[in-house]
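Undergrad: Got a structure for you, written out below as structure tokens; questions coming shortly.
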Amino acid sequence: ENAEPLAGDIVAGYSKSITVRERTYSLALTWMFSHHNKYPEQEQNIIRGAAEACASRMEFDMAAPFTYSTATTYTNIDGRSVDVSTGDGLSFANAAHTLTNNSSTFRNRLSTDPQISRGAIELAENLFLQQMLDNSGNRIVVMPDTIVTGSDRTTYNIAMQLMRSTAPADAPNPGVYNPQQGTYRVVMAPAIDSTFTAGGKSFTFDSTKQKQWMLVDSKNAGLFLVVTQPPTIMAPTVSNGGVQFLTGQQTWKAHAVYEIAALDPRFAVVSVVTTA
């Protein structure tokens, strides 16, 4: 039996350039504090907190494409404009993502942006299973494995109830089988419902985003993080200038060098729930 040969073209997808940047956090401790502090353990806790602050900054920066999922840029706490668009130049959550080799479009944002429920999860599942396209316009099937929520406990608890109940949460008959039981793990990511304050250099809670959620295929994430220096704390010495000879003040430095890029949005279906 002769097999028919198959011919296919290699189609390039979108690409993005990444420029890594350093984020730093400095902490100055006076000689008097270091030598006459009533609670010596406080000094170690403060120094550890500086290192943790640098790691926390990385977490918030990584969440930015989801935090600002309907925008293409945002202003970070340093006052710098950051690109959070996907490879096609559109916002991460969008109803008309484009392809490189076909005029068709696909969506990864739920229509009407419903709050989480059994029916809303099914709508997200259908987008993954029926509407995702490759760059030539061919249907692809994406299998999600995770529900991600912000810090809103009600949204998180509903997701947990839907995933762990033996019967559907809204079923009048408790003997009805729950087909969603154990289907997805549920992850709370509080950074999603934050806002970035450039003047105050801080991250604050944004109540308008607290009901947002998404269904994610964590195995094929299109969000990239390039790290050339993980969060690190550098001890002060006289030679590195961290210790001032005349005053004895010590300056500790925490820093990290990295940048993110949200290239391919096919791994997440987002419901951009907005509350007053």
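Undergrad: Please label the shape of segment 135-198 as rounded, prolate or oblate, based on the square roots a ≥ b ≥ c of the eigenvalues of the alpha-carbon gyration tensor (a/c under 1.5 means rounded; beyond that, a/b larger than b/c means prolate, else oblate).
TA: Here segment 135-198 falls in the oblate category.
Undergrad: Just 40, 144, 236 to compare: in a GNM of the chain, with alpha carbon springs under 10 Å, which one fluctuates most?
TA: 40
Undergrad: Enter the accessible area per residue of segment 83-153 (Å², integer; probe 1.4 Å; all protein chains in place).
TA: Per residue, segment 83-153 has 43 Å² of solvent-accessible surface.
Undergrad: What residues qualify as long-range amide H neighbours of residue 21, i.e. H under 5 Å apart, gap of 5 or more or another chain, H built at 1.01 Å from N?
TA: 258, 259
Undergrad: Another question about this same structure. Quick one: check the C-alpha center-to-center distance for segment 220-276 versus segment 75-152, whole angstrom.
TA: Cα centroid to Cα centroid, the span is 26 Å.
Undergrad: I need the phi-derived Karplus couplings for segment 227-243: 6.51 cos²θ - 1.76 cosθ + 1.60, θ = phi - 60°, integer Hz, Gly and Pro marked x.
TA: So the Karplus estimates, Gly and Pro as x, are 10, 9, 8, x, x, 9, 9, 10, 6, x, 9, 5, 5, 8, x, x, 10 Hz.
Undergrad: Moving on to the next point. Towards the positive end of the charge dipole of segment 4-128, with charges on Cβ (+1 Lys, Arg; -1 Asp, Glu), say which of 50, 82, 99 has the farthest Cα.
TA: Among 50, 82, 99, the one farthest towards the positive end of the dipole of segment 4-128 is 50.
Undergrad: Report in % the part of the accessible area of segment 152-276 that belongs to carbon and sulfur, leaving out ligands and nucleic acids; probe 1.4 Å.
TA: 58 percent
Undergrad: So what are the radius of gyration and Dmax for the Cα set of segment 1-116, in Å?
TA: Considering segment 1-116 through its Cα atoms, Rg and Dmax are 24.1, 89 Å.
Undergrad: In angstroms, what radius of gyration and Dmax does segment 84-216 have, counting Cα atoms only?
TA: Calculated on Cα positions, Rg and Dmax stand at 17.1, 55 Å.
Undergrad: Hey, another quick one. Longest segment of the chain with no trypsin sites (Lys or Arg not before Pro) in a DSSP loop having at most 11 other Cβ atoms within 10 Å?
TA: The longest uninterrupted stretch comes out as 81-200.
Undergrad: Follow-up. Taking Cα extents along the principal axes in Å as the quantity of interest, determine which of (1) 55, 43, 38; (2) 84, 53, 43; (3) 70, 44, 37 was computed from the displayed structure.
TA: This structure yields the entry labelled (2).
The values are calculated or read from the model by the stated rules, or taken from the named source; none is laboratory data. These numbers were taken from a predicted model, which means no experiment stands behind them. Reconstructed Cβ throughout: ideal geometry from the backbone, glycine too, with neighbour counts over all protein chains shown. Each accessible area value is taken on the protein alone, full model and side chains, heavy atoms only, with ligands, DNA and RNA left out. Shrake-Rupley method; radii C 1.70, N 1.55, O 1.52, S 1.80 Å.
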